[in-house]
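Notes for the one structure printed next.
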DNA sequence: AACGTTGCCTACAACGTTGTAGAAACGAGG
DNA sequence: CCTCGTTTCTACAACGTTGTAGGCAACGTT
């Protein structure tokens, strides 16, 4: 049996509103009254109805995190940090898996926000600025760079700079035929475009040619895609001596394909990824990668959302940047 | 600006209830009226307030999935299947990360259910039967075996049988000193206890001794714990020729430790895991494992919940079993 | 013509909560 | 004893939705 304020009120011999005041910590309640009410609450195991509270107050205390796929470890790890950061604000995090398609993402962006949550942290893959334009109401914070100059707050990392640095690291190892895995059609992945730009930058700075044949596309960024792309590079005869994979799961797939081809990492081919997922610290060999500060990304996103909720909802959108660093491991270093 | 039924009603020139009827697909609405209402809905981009609907109907259309840690790939993969299965019932899935502690799990079990969701699918690690006893109200389906003879519906797999089979596979390879990684204190992990029992069964059936020194505990089931446990086994001098890790992340950590020790897998030591996470299909070597039918687990859990929601809430708890199979890969087979 | 049936629609109340307004009790100061 | 301000509490309305009950036409049947 579920109890309501009314039940508690009757048991404690006070009005419904007095119980509400006790529950909400209102100060002007006599100590003995408060004690009686609290006793009744405990006896009945009363818990407020969040829907009713939301209906009255317009706040649920729940925010959502929408990510393309939970079984991409980067998003799972990010989710953990967001849950932690949100707890500091007393928020519960509803995690929603969009699947990454544009239509699904639009449904989530416009649908899930329907009065059920206070705000949304959204990591879109395919959503465009137009899709977001029609959304009014629920405050939103975007992660990543897909939606250019969108109307919403955003947390980014310097994808171009990070890609440039990690590629430069490969150059520094003396590698000259550096492949890239993970390019996508421009309208699909902004991250792919930016990381590719950083890669090209670094090659240019080192006086190396940008060779189309060394750039392998990947429809998604799963292990299987990385393995397939690597196999493609190997059979095409371009003979890379290093590979920059646009995320770690691609890199793990590439490691697998290199292993199957009998090539040694890093002696024959050096491999780097992007994201610093836990797998890369235990793979064979361990994986050099760009490590975005996920805790910071999560914290900034939650804080932006908090500001938006408490402050001016019409203030101009803000963009914050989170730091990253290189994690150099076995896949680019001889033991 | 958010619009309400009232706004739509005024625009369409009908009553609020008629709009509600259109939204809910009530049949007795004249086609032209329906068209007018739908036009108004589209123009105003009306979306129902779920909290209000819940308050009135007692249903939110949202269920929760509570798991210990999202960055354990098994749970992330399971989450994806649950989201998919729930979609068939028109449910949105709120994913909640408990952290695995008993207190946190109790908070989730009693707290998150507070009128916000219709039902809960719960994969507990530490929760006890008493903790659940006090819960009345929100229907719940448990995954796994932690809470013995609890009062709730449950989906399980035959942990003992699966562990027995995979251990027998190692025996069949001619291995005689088979270690186990992942045992836990009885009050912590029921899965650990059952998998250990299956392991012991298989040894006994093969006429092998159960050797305490070959059983390594693991406080949690992460890669780092598997690596640490494996290093412990190697330095203790027990010289295993095979290892059964109680989940895949432990096994991946063990692979890493074996690699660092210069031992070959499977030639020197064969390794098997449990869960069939995606990593194991790309690790070096690929990982032999028990593959529970996650899609089936998710589907059964969602169906149990649906039955409980629509049917008799006082009916006795049901327990359903999901199938599994062995996935034999490189870590137990020479190429 | 009177009647019942059906289709379509509306008014009202209720879900459980909290904000507002104000009443009742009390103490302090004149 | 009266007045005033403060503390403590209550009654009422409202948040947006849907179930219930019922009204009004239009229709077919007697």
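The values are calculated or read from the model by the stated rules, or taken from the named source; none is laboratory data. If you're wondering where the values come from, they're calculated on a predicted model, not measured in any experiment. Quick reminder, even Gly has a Cβ in these numbers, built from the backbone with ideal geometry, and neighbours come from all protein chains shown.
Taking the stated definitions as given, is residue B:276 closer than 29 Å to residue B:153 by Cβ, in contact with a helix residue (DSSP H, G or I) (Cβ under 8 Å, 6 or more places away or on another chain) and modelled with pLDDT of 95 or more? If you could, list the steps in order and put the result at the bottom.
On the way: closer than 29 Å to residue B:153 by Cβ: yes; in contact with a helix residue (DSSP H, G or I) (Cβ under 8 Å, 6 or more places away or on another chain): yes; modelled with pLDDT of 95 or more: yes.
Criteria met by residue B:276.
Do you know which of the residues in region A:218-228 that are in contact with a helix residue (DSSP H, G or I) (Cβ under 7 Å, 6 or more places away or on another chain) and not in a loop (DSSP other than H, G, I, E, B) is farthest from the other protein chains (Cβ to nearest Cβ)?
Pass one, region A:218-228, residues in contact with a helix residue (DSSP H, G or I) (Cβ under 7 Å, 6 or more places away or on another chain): A:218-219, A:221-227.
So of that shortlist, the ones also not in a loop (DSSP other than H, G, I, E, B) come out as A:223-227.
Details: A:223: 4, A:224: 8, A:225: 11, A:226: 8, A:227: 7 Å.
Here the answer is A:225.
For region B:50-66: of the residues being in contact with a strand residue (DSSP E or B) (Cβ under 7 Å, 6 or more places away or on another chain) and facing chain A (nearest Cβ under 10 Å), which is farthest from residue A:80 (Cα to Cα)?
The first filter runs over region B:50-66 and keeps only residues in contact with a strand residue (DSSP E or B) (Cβ under 7 Å, 6 or more places away or on another chain), leaving B:61-66.
With facing chain A (nearest Cβ under 10 Å) added as a condition, the list becomes B:61-62, B:64-65.
Working: B:61: 25, B:62: 21, B:64: 16, B:65: 15 Å.
That would be B:61.
Is it fair to say residue B:249 is buried (at least 24 other Cβ atoms within 10 Å of the Cβ) and in contact (Cβ under 8 Å) with a residue 12 or more places away in the chain? So that I can check it myself, show each step before the final result.
Details: buried (at least 24 other Cβ atoms within 10 Å of the Cβ): yes; in contact (Cβ under 8 Å) with a residue 12 or more places away in the chain: yes.
When the stated conditions are applied, residue B:249 passes them.
Got a sec? Which of A:194, A:203 is at pLDDT 90 or above and farther than 24 Å from residue A:237 by Cα?
Numbers: A:203 fails: farther than 24 Å from residue A:237 by Cα.
Answer to the check: A:194.
Quick check, is residue B:96 within 8 Å of chain A (Cβ to nearest Cβ), surrounded by fewer than 20 Cβ atoms within 10 Å (Cβ to Cβ) and modelled with pLDDT under 85?
Values: within 8 Å of chain A (Cβ to nearest Cβ): yes; surrounded by fewer than 20 Cβ atoms within 10 Å (Cβ to Cβ): no; modelled with pLDDT under 85: yes.
So residue B:96 fails the test.
Just to confirm my filter: which strands (runs of 3 or more DSSP E) fall fully inside region A:282-327 and include at least 3 residues that are away from chain B (no Cβ under 14 Å) and over 30 Å from residue B:231 (Cα atoms)? Talk me through it step by step, then tell me what you get.
Values: elements: A:288-292, A:319-322, A:324-327.
Qualifying strands (runs of 3 or more DSSP E): A:319-322.
Which one is nearest to the other protein chains (Cβ to nearest Cβ), of the residues in region A:14-27 that are more than 7 Å from DNA strand D (Cβ to nearest atom) and assigned to a loop (DSSP other than H, G, I, E, B)? I'd like the intermediate steps shown before the answer.
First, the residues of region A:14-27 that are more than 7 Å from DNA strand D (Cβ to nearest atom): A:19-20, A:22-26.
Subsequent filtering for residues that are assigned to a loop (DSSP other than H, G, I, E, B) retains A:24-26.
Details: A:24: 15, A:25: 18, A:26: 21 Å.
Top of the filtered list is A:24.
Could you pull out the residue among A:47, A:30 that is within 14 Å of chain B (Cβ to nearest Cβ) and within 12 Å of DNA strand C (Cβ to nearest atom)? Lay out the reasoning, then the answer.
Numbers: A:30 fails: within 14 Å of chain B (Cβ to nearest Cβ).
Being within 14 Å of chain B (Cβ to nearest Cβ) and within 12 Å of DNA strand C (Cβ to nearest atom) holds for just one of A:47, A:30, which is A:47.
Answer yes or no as to whether residue A:234 is assigned to a helix (DSSP H, G or I), surrounded by fewer than 24 Cβ atoms within 10 Å (Cβ to Cβ), out of contact with any strand residue (DSSP E or B) (no Cβ under 9 Å at 6 or more places or on another chain) and more than 10 Å from every other protein chain (Cβ to nearest Cβ).
Here the answer is yes, as residue A:234 does meet what is asked.
Scan region A:34-42 and tell me whether some residue there is more than 10 Å from DNA strand C (Cβ to nearest atom), assigned to a loop (DSSP other than H, G, I, E, B) and either surrounded by 12 or more Cβ atoms within 10 Å (Cβ to Cβ) or within 14 Å of another protein chain (Cβ to nearest Cβ) (or both). Give the steps one after another, and end with the answer.
Initial filter on region A:34-42 (more than 10 Å from DNA strand C (Cβ to nearest atom)): A:34-42.
Then keep just the ones that are assigned to a loop (DSSP other than H, G, I, E, B); that gives none.
Checking region A:34-42: not a single residue is more than 10 Å from DNA strand C (Cβ to nearest atom), assigned to a loop (DSSP other than H, G, I, E, B) and either surrounded by 12 or more Cβ atoms within 10 Å (Cβ to Cβ) or within 14 Å of another protein chain (Cβ to nearest Cβ) (or both).
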